[in-house]
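The values are calculated or read from the model by the stated rules, or taken from the named source; none is laboratory data. This structure is a prediction, so every number in the text was calculated from the model and none was measured. Because the Cβ atoms are built from the backbone with ideal geometry, glycine has one as well, and the counts that use them run over all protein chains shown.
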Amino acid sequence: MPIRVLSIAHPAVSRERGRLRYYPLAARQDLDLHLVVPARWQEFGRRMIADPPNDPGLNVHVLPIRFPHAGPMSWYLHFYPGLNRLVSELRPDVIHLWEEPWSAVALQASFLKGAAALVMEVDQNIRKRLPPPFEWMRRHVIRRTDFVLARSPDAAAVVQAIGYRGPVRPIGYGVDRQTFACRRSPLATQSRTTQLRIGYVGRIVEEKGLDDALDAIARTESRVTLAIMGEGPHEGRLHRRAAALGLADRVEMRGWGQPAEVASFLHSLDVLILLTRTTASVVEQFGRVIVEAQSCGIPVIGSSCGAIPSVVGAGGWIVPERSPEKLAALLDRIANDRDTLRAKAQLAQRNVSTRFTYEVVADDLATAWTEAAARRGGSEADTRRAA
């Protein structure tokens, strides 16, 4: 009898952003997968309504939630009033949460799981004690967790620091290779070897190091332009900084776009930058735009912050945080060495194809669920088989 898995995942409210990674699992005969997503969601000021639950081969349950965006921990207060009934009906072998262990929904699932194995997917990579009651919630959930999927080694270290001693498996973010496809190379159409177009996609906040990019561009001998897609509170200050450096004609900004628009924007670049700065509250957990750019054949310049070097891999370059002078030297070198830029573009695509496709992520999920169920003895599957 297949292993019955109940996966609770607020990112899967959107098919393009979170649900597609489950598609490769639809045809597996050894899994009976049920996916729970919120009927509505609010994140970074954007309100989302769940995509319809008509995904081919998937059992998607769109359920109302309480507190979709509230309190000091932002969206981590949400829970599902109908989850108790669904768990009772399905009697899953595994409950998987694409949520942090201090979230209210993780606490809810830990109370409802019964004999099911609990698999947690964690991103938090800063070791700090959370304010009450979240620290108690986190420790309670971790004590009842059978398997951890960690976005980075630092994320694994955080849960181990609070007492988790079970198995850990790394897991990345997958990328939609149909949307973020390498359709054409901007490198092939670039006629001026000393001109370079770099770009950024994401929130426009100070921690993302865009000031360092401007300072670096002001230092370069080559003509480097910066294109930004995103929104945030630092936008006005960034405009003023560009004007003060005499770069107003070399910086363009546009607002958020749908995934297809993001892909089109990425195709217009020579290089993507992600220059996140480490602070007391910010350490880059993954950097999903890295793999989206690399999937398009665009190499990445990343800072040394958090998981960025590991995710970039061979498909780009790493510079120290807050080092515009070293970034400037790298930009000049790249602008005058198109062969290296093309080679990095090929390595970027290879990095994605071997580590960050939805098929790879789906296999990681399935392996964790299977191992977790085996550790718990498969009690629910055995009960259903006997019945």
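Things to note:
- Positions within region 279-304 being among the aliphatic types (A, V, I, L, M) and under 14 Å from the mean Cα position of the chain (by Cα), in sequence order: V283, V289, I290, V291, A293
- Of all the residues in region 108-124, those that are under 23 Å from the mean Cα position of the chain (by Cα) and either on the phi > 0 side of the Ramachandran plot or surrounded by 21 or more Cβ atoms within 10 Å (Cβ to Cβ) (or both) number 6.
- In region 139-227, counting only helices (runs of 4 or more DSSP H) that sit wholly within it, the ones holding 2 or more residues that are modelled with pLDDT of 95 or more and surrounded by 17 or more Cβ atoms within 10 Å (Cβ to Cβ) span 153-161, 210-219.
- Search result, residues across region 295-327 that are more than 14 Å from R355 (Cβ to Cβ) and in a loop (DSSP other than H, G, I, E, B): C296, G297, I298, P299, S304, C305, G306, P320, E321, R322, S323
- When W41 is tested against (1) modelled with pLDDT under 90; (2) crowded, with 19+ Cβ neighbours inside 10 Å, just one condition goes unmet, and that condition is (1).
- Any chance S303 is buried (at least 19 other Cβ atoms within 10 Å of the Cβ) and in the same structural domain as K208 (by TED's automatic domain parsing): yes
- Qualifying residue in region 341-348 (condition: in contact with a Lys or Arg (Cβ under 9 Å, 6 or more places away or on another chain) and on the phi < 0 side of the Ramachandran plot): no
- Residues that are of a type in the set (K, R), under 14 Å from E359 (Cα atoms) and surrounded by fewer than 23 Cβ atoms within 10 Å (Cβ to Cβ), drawn from region 1-35: R19, R28
- Residue in region 356-377 that is basic (K, R), crowded, with 20+ Cβ neighbours inside 10 Å, assigned to a helix (DSSP H, G or I) and more than 20 Å from the chain's Cα centre (by Cα) present: no
- Listing of strands (runs of 3 or more DSSP E) fully contained in region 1-115 that carry 1 or more residues being closer than 30 Å to E231 by Cβ and of a type in the set (D, E, K, R): 40-43, 46-49
- Odd one out for V262, checked against (1) assigned to a strand (DSSP E or B); (2) buried (at least 18 other Cβ atoms within 10 Å of the Cβ); (3) within 25 Å of the chain's Cα centre (by Cα): (1)
- Selection within region 206-232 - within 14 Å of A248 (Cβ to Cβ) and of a type in the set (S, T, N, Q): T225
- Verdict on I301 being without any contact (Cβ under 8 Å) to a residue 24 or more places away in the chain and aliphatic (A, V, I, L, M): no
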